[in-house]
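Enquirer: Below are the structure tokens for one structure; questions will follow.
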Amino acid sequence: MNIFFLLIDLILPITFILFLPLSKFCIKIGVNFIIGFRTKKSISSIESWEKANLLFGKYFFILGIFSFIFTLVLRFILPFRMEITTLILTILNMILMFILIGIINKKI
């Protein structure tokens, strides 16, 4: 059961890290309505699409690295129950994700 919760805790950080190559792929294929950082601002022009996806990839890669390290620290150093740790990490990752989306949208 401990391995299950560790895998659940690492899904978001690993996904965030994988957003960097995904964002570079989105820049190559151009503006679309299926994949990439899609907001009204980002799809308004090619320049804003490229800038938004580049920022998205960089910021989420950094978030993924910090989240990965924080997950390991919280999981193995601090003595919380597995369920509580998973809940804390999921809520924290989701909050940070929404904050970064707002920041990226303002920088476009």
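Enquirer: Looking at Ile88, Ile27, can you tell me which residue is in a helix (DSSP H, G or I), without any contact (Cβ under 8 Å) to a residue 24 or more places away in the chain and among the hydrophobic types (A, V, I, L, M, F, W, C)?
Expert: Details: Ile27 fails: without any contact (Cβ under 8 Å) to a residue 24 or more places away in the chain.
Ile88 is the lone residue from the list that is in a helix (DSSP H, G or I), without any contact (Cβ under 8 Å) to a residue 24 or more places away in the chain and among the hydrophobic types (A, V, I, L, M, F, W, C).
Enquirer: What is the number of the single condition among (1) surrounded by fewer than 18 Cβ atoms within 10 Å (Cβ to Cβ); (2) touching a helix residue (DSSP H, G or I) at 6+ places or on another chain (Cβ under 6 Å) that Leu87 does not meet?
Expert: (2)
Enquirer: A further question on this structure: If a residue has to be crowded, with 17+ Cβ neighbours inside 10 Å and basic (Lys, Arg) to count, how many in the range 39-50 make the cut?
Expert: Number of matching residues: 1.
Enquirer: Which residue, of Leu87, Leu55, is out of contact with any Leu (no Cβ under 8 Å at 6 or more places or on another chain) and within 16 Å of Leu100 (Cα to Cα)? Outline the logic, then answer.
Expert: Values: Leu87 fails: within 16 Å of Leu100 (Cα to Cα).
Just a single option satisfies the conditions, and that option is Leu55.
Enquirer: List the residue pairs whose Cβ atoms are under 7 Å apart, where the first residue sits in the range 37-50 and is part of a loop (DSSP other than H, G, I, E, B), the second is among the β-branched types (Val, Ile, Thr), and the two are 6 or more positions apart or on different chains.
Expert: If the second residue must be among the β-branched types (Val, Ile, Thr), the pairs left are Phe37/Ile104; Lys41/Ile108; Ser42/Ile108; Ile43/Val31.
Enquirer: Specify the residue that is surrounded by the most Cβ atoms within 10 Å (Cβ to Cβ); the eligible residues are those in the range 75-84 that are out of contact with any Asp or Glu (no Cβ under 7 Å at 6 or more places or on another chain) and in a helix (DSSP H, G or I).
Expert: So, considering only residues that are out of contact with any Asp or Glu (no Cβ under 7 Å at 6 or more places or on another chain) and in a helix (DSSP H, G or I), the one surrounded by the most Cβ atoms within 10 Å (Cβ to Cβ) is Met82.
Enquirer: Shifting gears a bit: Name the pairs whose Cβ atoms lie under 7 Å apart, with the first residue in the range 57-70 and within 11 Å of Leu18 (Cα to Cα), the second assigned to a helix (DSSP H, G or I) and of a type in the set (Ser, Thr, Tyr), and 6 or more positions between them or separate chains?
Expert: So the pair list comes out as Gly57/Ser23.
Enquirer: Something else now. Restricting the search to the range 51-74, which residues are surrounded by fewer than 17 Cβ atoms within 10 Å (Cβ to Cβ) and farther than 21 Å from Leu89 by Cβ?
Expert: If the condition is that a residue be surrounded by fewer than 17 Cβ atoms within 10 Å (Cβ to Cβ) and farther than 21 Å from Leu89 by Cβ, then Lys58 is the only one that fits.
Enquirer: Is it true that some residue in the range 95-103 is of a type in the set (A, V, I, L, M, F, W, C), out of contact with any Phe, Trp or Tyr (no Cβ under 7 Å at 6 or more places or on another chain), surrounded by 16 or more Cβ atoms within 10 Å (Cβ to Cβ) and within 17 Å of Ile14 (Cα to Cα)?
Expert: yes
Enquirer: Any chance the range 52-74 includes a residue that's of a type outside the set (A, V, I, L, M, F, W, C) and more than 30 Å from Phe4 (Cβ to Cβ)? Break it down into steps so the answer makes sense when it comes.
Expert: Going residue by residue through the range 52-74, those that are of a type outside the set (A, V, I, L, M, F, W, C) are 53, 57-59, 64, 67, 71.
Those still in the list that are more than 30 Å from Phe4 (Cβ to Cβ) too: 53, 58.
Yes, the range 52-74 has at least one match.
Every number in this text was worked out from the coordinates using simple rules, so none of it is lab data. Since we're looking at a predicted model, the values are computed, not measured. Because the Cβ atoms are built from the backbone with ideal geometry, glycine has one as well, and the counts that use them run over all protein chains shown.
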